[in-house]
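Engineer: One structure, pasted below without further comment.
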Amino acid sequence: MLNFDAHLPEMLAMLKTLVETESPSHDKAAVDRVGALVAQECRRLGATVELVPNAETGDHVIARWNPVPAGEKRGEIVLMHHMDTVFPLGTLARMPFHTQAEKTFGPGVLDMKGGIVITLTAIAALHQAGELTRPITALFTSDEEIGSGTSRALIERLARQSDLVLVMESGLVDSSLKTWRKGVGEFVVRVRGRAAHAGGEHEKGRNAIRELAHQVLEIEKLTDYACGTTVNVGVIHGGTVTNVVPELAIAEGDIRILVAEEAGRIRAALQSLRPAFPDTSVEVTVDFNRPPMPFGEKNQAAFARAQQIAATLGEELKAGGSGGGSDANFVAPLGVPVLDGFGTIGADYHSEREWIYTASLASRAQLTAALLRNW
Ligand SMILES: [Zn+2]
């Protein structure tokens, strides 16, 4: 196998270009600029590139090597990436791309422009060695950080046709893969009471904040650590000024589940919340965005095989998981083996301290190339 350490300078140069092309999810033109760079590089490596037009966010990019006719299964591996980041345009000025000691910093180095560089480098190595023989599809989407609304169907369609999906999101800081991920939901609780003068007619008021406080305590009881469920009230707002009995109070929260059935329990519990005090109303909306990705049988088998391939490189691959969702969550319910966390290794993602171990670019490219060749 090629020595990927020798490729590190080129990998860093490519990562610098991608990071310095800032791409917040909501800025179509910005994400399209990354899409153009990625498409150009894939074409240079012999891929057939398809741009999937998207009016809301950036166009999605699909690159195919040795494509399989639609509807057939022939050992195809799909690699998934997103090109958008959580960082607004201009972040780069405060958070410039730079390498310091063993780490590299910059908006999106970890989540997940490093993963894009790893795939393109692994494929380039196979291409150069004449070993790019299996069907490979690389998908680069534009809206993962805002829920993958326009890419979900595409993700599911490509996954269904494949034998294995590799999600090139970052690994855990100890280099473990993300073999399970929690499902993610959101909820909003709106409480309405009755406004009144806090001095003159206090007794006529129905305090929405008091009612909401009661509801928050009920909601917090739904957390069940033993089965991996958390329900978190993350935002509350209500009232207007101190001398008015508040008419409106709102709570917003986040739900994480590891067991698919928990979605039903939490939904039912939230929707059955009833006012504790007279003359108030409680209205709840619940929305599950990503289903959970448990470490089920198929993923365990895929992980064991990836472990064997890693062992041939002298690397011990470890299994870990994450409470955060990714596009792997959409693949898991389809019954297609999916391994996540093949991207760079680092931490502090979604913060201005986001960093990667620079050397992980090379080690993960080597692992990915080995997987694509030997799977
Ligand atoms: Zn990501």
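The values are calculated or read from the model by the stated rules, or taken from the named source; none is laboratory data. As the structure is a prediction and not an experimental result, all values here were calculated from the model. Positions of Cβ are backbone-derived with ideal geometry, glycine not excepted, and every protein chain shown enters the neighbour counts. Accessible surface areas use protein heavy atoms only, side chains included; no ligands, DNA or RNA. Shrake-Rupley method; radii C 1.70, N 1.55, O 1.52, S 1.80 Å.
Engineer: Quick one: putting +1 on the C-beta of Lys and Arg, -1 on the C-beta of Asp and Glu, what dipole do you get for the chain around its Cα centre, in Debye to the nearest 20? All intermediate terms of the calculation are to be shown ahead of the outcome.
Structural biologist: Values: 36 positive and 46 negative charges, 111 e Å.
In total the dipole reaches around 540 debye.
Engineer: Continuing with this model, one more query. When the chain is fully extended, how far beyond the present Cα-Cα distance does residue 160 get from residue 26, taking 0.36 nm per residue of separation?
Structural biologist: On the way: separation 134, 0.36 × 134 = 48.24 nm, distance 2.81 nm.
Roughly 45.4 nm would be gained on extension.
Engineer: Let me ask something else about it. Carbon and sulfur: what percent of the range 107-238's accessible surface (1.4 Å probe)?
Structural biologist: Numbers: 2630 of 5070 Å².
Within the range 107-238, the accessible surface is 52 percent carbon and sulfur.
Engineer: Keeping every protein chain present and rolling a 1.4 Å probe, give me the accessible area per residue for the chain in Å².
Structural biologist: Values: 16000 Å² over 375 residues.
So the chain comes to 43 Å² accessible per residue, rounded to a whole number.
Engineer: Hey, another quick one. Per DSSP H run of n ≥ 4, the term is -39500 (n - 2.57); total these for the chain, divide by its residue number, and report the mean residue ellipticity at 222 nm rounded to 500 deg cm²/dmol.
Structural biologist: Mean residue ellipticity at 222 nm (helix-derived): -9500 deg cm²/dmol.
Engineer: Got a number for the accessible area of residue 274? Probe 1.4 Å, square angstrom, nearest 10.
Structural biologist: 150
Engineer: Now for a different question. Using 24 Å as the Cα-Cα cut-off, could you pick out the over-long pairs in 178/298; 103/182; 73/298; 113/178; 182/298? Intermediate results must be reported in sequence, preceding the final value.
Structural biologist: Numbers: 178/298 14 Å; 103/182 28 Å; 73/298 17 Å; 113/178 17 Å; 182/298 17 Å.
Over 24 Å Cα-Cα: 103/182.
Engineer: For the chain, which longest stretch is free of loop sites, where a loop site is one of the GluC sites (Glu not before Pro) that DSSP puts outside H, G, I, E and B and that has at most 13 other Cβ atoms within 10 Å?
Structural biologist: Values: sites that count: 56, 72, 102, 201, 261, 316, 352.
It works out to 103-200.
Engineer: Could I ask something else about it? What accessible surface, in Å², does a 1.4 Å probe find on residue 105, ignoring ligands, DNA and RNA and rounding to the nearest 10?
Structural biologist: 50
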